[in-house]
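Shown next, in C-alpha cells, is the structure this report addresses.
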Amino acid sequence: MEKQKLSFKVNNDEYEVYIHPKTLLVEVIRDHLGFTGTKRGCETVSCGACTVNVNGASVKSCSVLAIQCEGMEVTTVEGLEKNGKLSPIQKSFLDHGSYQCGFCTPGMLMSASAFIAEAKDPTKDQIKESIEGNVCRCTGYNSIVRAIEAVTQGKYKEE
Ligand code: FES
Ligand code: FES
C-alpha cells in the first residue's frame, strides 16, 4: 500500500511523516516521533494508557488512524510541561502520590487535563467519570481523584 503524507502538530511542533494509511496514531506518536510517554496497553480501546489530546479532546490513540489527524493539534504527556515547568495536574499528581507503577499515568494525565480545561467546579462524581476510560491496575484511583479535585479547586496554578 502506498504511503501518504501526514502533516500535523504534536506538542506545538509541526511534523510531516509518510505513513501507510492504516497506521494508528499511537504508532506514529511512539515509533515515528519518539514520544514514548504515550503507552501501548490493551490496543483494544479499553485501558486508556494510550490517551492523548487531539484538538483539546482526550482520544485513545490506539483507536484512531493517524491520517485522520491531518492538520490537527495533538498533545502527548511530553507536551504538558511549559518552559521546563510541570503543569498543575502533573504537580498535583506528584504531591498526591497519584501513581504506583506509573504505566497508566500518562493517559490519566491527558484525560484529566482535557477535563480540567473544560470543567467548572465539578463534583467528585464528574471527576470520576472523566477518568472512567482509564484503567489503573494498581487501583490508585482515590489519590488520582484527589489530585484532579485539587486542581479544579484552584490549588495549583500554571507557573
Ligand atoms: S492501548 Fe489504547 S486503550 Fe489501551
Ligand atoms: S499506577 Fe500502575 S497502572 Fe496505574
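The values are calculated or read from the model by the stated rules, or taken from the named source; none is laboratory data. Note that the structure is predicted; figures quoted are calculated from it, not measured. We place every Cβ from the backbone using ideal geometry, glycine too, and count neighbours over all the protein chains shown.
Points to keep in mind about this one:
- Taking each residue of the range 5-16 that is farther than 15 Å from Glu78 by Cβ and touching a residue at least 60 places away in the same chain (Cβ under 8 Å) and looking for partners that are surrounded by 10 or more Cβ atoms within 10 Å (Cβ to Cβ) and of a type in the set (Phe, Trp, Tyr) with beta-carbon atoms closer than 7 Å, six or more apart or interchain, yields Phe8/Tyr15.
- Any hit, the range 110-124, residues being in contact with a Lys or Arg (Cβ under 8 Å, 6 or more places away or on another chain), within 19 Å of Ala49 (Cβ to Cβ) and either in the same structural domain as Thr36 (by TED's automatic domain parsing) or within 16 Å of ligand 1 (Cβ to nearest atom) (or both): no
- Thr76 being more than 16 Å from ligand 2 (Cβ to nearest atom), under 15 Å from Met110 (Cβ atoms), buried (at least 23 other Cβ atoms within 10 Å of the Cβ) and not acidic (Asp, Glu): yes
- Flag if Glu43 is without any contact (Cβ under 8 Å) to a residue 24 or more places away in the chain, touching a Ser or Thr at 6+ places or on another chain (Cβ under 8 Å) and surrounded by fewer than 22 Cβ atoms within 10 Å (Cβ to Cβ): no
- Cβ-Cβ distances below 7 Å connect the following pairs, each with a first residue in the range 20-33 that is surrounded by 21 or more Cβ atoms within 10 Å (Cβ to Cβ), a second residue that is of a type in the set (D, E, K, R), and a separation of six or more residues or different chains: Val26/Arg40.
- Within the range 65-92, the set of residues being within 14 Å of the chain's Cα centre (by Cα) and outside any strand (DSSP E or B) comprises Thr76, Val77, Glu78, Gly79, Leu80, Glu81, Ser87, Ile89, Gln90.
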